[in-house]
Amino acid sequence: MNDGKRIAVALPIGIFVFTFVFRLFIAWRVGLFRDHQQDEMVRIALSLLKYHEYGNPYLIRTGPTAHEMPLYPLFLSGVYALFGTGNLAEAVKITLACAASALRCAMLPFFCLEAGLDRIVGIVAGGVSAVYVSALQTELRGNWDHPWQALVLLLLTWMTLRLWRDRSWLARIPWRYFIVWGFGILLQPAYLPVLAAFLLAGLIAAPQKVRPRYLKLSAALLLTVSLFLVPWAVRNQLRLGKLIFTRSNFGLEFWVSNGPGRAFDMQTNLGFAVPHPSLNLSEAQSVLRLGEVRYNQLKLNEAKAWVRANPEQFARLTTRRFLAWWFPPGRNIVQRILNYVFSLLALAGAVILFRRQRLTAVLFFLTWISFPCVYYIIQWSSKYRYSTEWELVICVALTLRTVFCPAPFKEVAK
């Protein structure tokens with residue numbers, strides 16, 4: 001706690017204020033306050049407001065949907081109910097998104113101390129995260145829940161670190177931890193593989209004599225997560241005719257990403273080559289005619305048939321998506337170089353982290369191994385990696401601290 005006491009209250013407040021103002025300025029500068037866009041979550045929120053129906057995420061009214069998880073569209077519908085659907089609501093959305101990003105940046109110094117890293121790493125991590133905007137539309141526009149996903153993942157990783165390090169789960173049942181996991185997976189079902197990886201690693205690491213208790217707690221955690229998802233699944237059974245515990249759109253996304261003329265990235269596919277019911281009237285009419293569940297199943301079957309017939313092309317697309325995840329392409333050569341440098345610094349920092357604080361490194365590695373798996377087989381977008389990038393920022397900060405301030409951690413902390 002010595003390092004924690006040395007981080008003045010002014011530091012996180014300063015990081016929060018700077019990050020918040022900086023992002024608001026960027027949003028204003030690029031015209032987000034004037035340029036309104038209706039993406040799937042926004043359309044569902046407006047449908048809730050206008051028709052009292054959780055549905056219609058596409059170009060036309062297509063009926064009830066499970067295209068998106070329920071939390072953020074419900075939240076957006078509240079914003080629209082309170083502030084209307086014009087410029088004021090857009091300003092509120094953007095402001096809240098910027099505030100969520102600023103809060104995440106302000107929390108990083110404290111997480112670094114909790115993780116056993118010194119105050120310099122925490123300060124650098126907070127500073128880098130304040131100016132690092134990797135997915136501008138995703139982070140600032142407020143149409144997506146990714147800033148909140150990143151906050152939840154930070155909190156889950158923080159809580160897991162404490163539980164594993166202190167072994168407090170031996171003395172009490174961590175109900176708050178269970179509840180945050182349930183909320184997190186209801187927000188982002190791609191966290192399910194992360195949960196599975198954490199639980200499996202914990203089982204391997206647990207001493208033989210405490211494994212029975214660990215297994216009981218794991219079962220309780222999985223039951224809690226299920227309780228969060230069951231109401232959503234029951235609603236989908238009643239409205240869509242299928243028990244869908246997460247989202248219904250994998251078939252569509254897999255088809256958009258894998259087929260004749262497909263590119264590895266979302267911008268190319270949706271901009272030029274591939275019709276999507278959010279942008280294409282004919283595809284939206286197909287959803288209306290077939291129903292969302294059957295439409296997605298047909299798209300999945302079509303994409304799977306193409307993959308079986310074209311395994312080499314699928315492998316090339318998957319490889320490109322894997323490389324794009326770890327070395328994101330930029331809009332120009334300067335941005336591409338900066339992205340590559342950032343990734344190399346992060347990978348170097350991951351190696352240093354494994355040597356310095358193995359427990360934190362294991363949690364990061366488990367996330368990096370499990371979370372991106374589904375995104376390697378669907379089109380790449382910077383928004384998908386966004387919720388995990390705070391981990392990469394910490395690794396970059398660790399590399400910079402090691403290079404420019406190579407004194408041992410304990411010496412610096414004194």
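Looking at the range 138-180, which of its residues are surrounded by 19 or more Cβ atoms within 10 Å (Cβ to Cβ) and polar (S, T, N, Q)? Matches in the range 138-180: Thr138, Asn143, Gln149, Thr157, Thr160.
Scanning the range 45-58 for residues that are touching a helix residue (DSSP H, G or I) at 6+ places or on another chain (Cβ under 6 Å), assigned to a helix (DSSP H, G or I) and surrounded by fewer than 24 Cβ atoms within 10 Å (Cβ to Cβ) turns up Leu48, Leu49.
Conditions (1) aliphatic (A, V, I, L, M); (2) more than 19 Å from the chain's Cα centre (by Cα); (3) surrounded by 17 or more Cβ atoms within 10 Å (Cβ to Cβ), marked per residue:
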position	(1), (2), (3)
Val307	yes, yes, yes
Arg356	no, yes, yes
Tyr375	no, no, yes
Arg385	no, no, yes
Val393	yes, no, yes
Leu400	yes, yes, yes
Phe404	no, yes, no
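Among the residues of the range 101-130, those that are among the small types (Gly, Ala, Ser) and buried (at least 20 other Cβ atoms within 10 Å of the Cβ) comprise Ser101, Ala102, Ala106, Ala115, Gly122, Ala125, Gly126, Gly127, Ser129, Ala130.
The set of residues in the range 193-220 being without any contact (Cβ under 8 Å) to a residue 24 or more places away in the chain and assigned to a helix (DSSP H, G or I) consists of Leu199, Leu200, Leu203, Ile204, Gln208, Lys209, Arg211, Pro212, Leu215, Lys216, Ser218, Ala219.
Among residues belonging to the range 257-280 that are in a loop (DSSP other than H, G, I, E, B) and touching a Lys or Arg at 6+ places or on another chain (Cβ under 7 Å), point out the one that is modelled with the lowest pLDDT. Checking each candidate, the answer is Val274.
With respect to (1) outside any loop (DSSP other than H, G, I, E, B); (2) crowded, with 17+ Cβ neighbours inside 10 Å; (3) modelled with pLDDT of 95 or more, the lone exception for Ala66 is condition (1).
Answer yes or no as to whether Ile244 is of a type in the set (A, V, I, L, M) and surrounded by fewer than 18 Cβ atoms within 10 Å (Cβ to Cβ). Here the answer is no, as Ile244 does not meet what is asked.
If you check Ser226, Ser278, which single one turns out to be among the polar types (S, T, N, Q), within 25 Å of the chain's Cα centre (by Cα) and under 25 Å from Arg176 (Cα atoms)?
On the way: Ser278 fails: under 25 Å from Arg176 (Cα atoms).
Within the list Ser226, Ser278, the selection yields Ser226.
Can you find, within the range 309-328, the residue that is farthest from the chain's Cα centre (by Cα) among those that are surrounded by fewer than 17 Cβ atoms within 10 Å (Cβ to Cβ) and part of a loop (DSSP other than H, G, I, E, B)? Checked the range 309-328; the qualifying residue farthest from the chain's Cα centre (by Cα) is Asn310.
Restricting to the range 32-58, count the residues that are basic (Lys, Arg) and within 18 Å of Ser248 (Cα to Cα). Please lay out each step first, then the result.
First pass over the range 32-58, keeping only residues basic (Lys, Arg): 34, 43, 50.
Those still in the list that are within 18 Å of Ser248 (Cα to Cα) too: 43.
The number of residues fulfilling the criteria is 1.
Considering the conditions (1) under 21 Å from the mean Cα position of the chain (by Cα); (2) crowded, with 22+ Cβ neighbours inside 10 Å, Gln38 is excluded by exactly one of them, (2).
Within the group Gly4, Gly14, Gly86, Gly31, which residue is touching a Leu at 6+ places or on another chain (Cβ under 7 Å), at pLDDT below 95 and surrounded by fewer than 17 Cβ atoms within 10 Å (Cβ to Cβ)?
Working: Gly14 fails: touching a Leu at 6+ places or on another chain (Cβ under 7 Å); Gly86 fails: touching a Leu at 6+ places or on another chain (Cβ under 7 Å); Gly31 fails: touching a Leu at 6+ places or on another chain (Cβ under 7 Å).
Going through Gly4, Gly14, Gly86, Gly31 in turn, the sole match is Gly4.
The set of residues in the range 90-110 that are within 13 Å of Phe33 (Cα to Cα) and of a type in the set (Lys, Arg) contains only Lys93.
Remark: Ala150 matches the filter, which requires a residue to be within 22 Å of Glu40 (Cβ to Cβ), touching a helix residue (DSSP H, G or I) at 6+ places or on another chain (Cβ under 8 Å) and either in contact (Cβ under 8 Å) with a residue 60 or more places away in the chain or of a type in the set (Gly, Ala, Ser) (or both).
The values are calculated or read from the model by the stated rules, or taken from the named source; none is laboratory data. In this text the structure is predicted, and so the values were computed from the model without any measurement. Cβ: placed from backbone, ideal geometry, glycine included. Neighbour counts: every protein chain shown.
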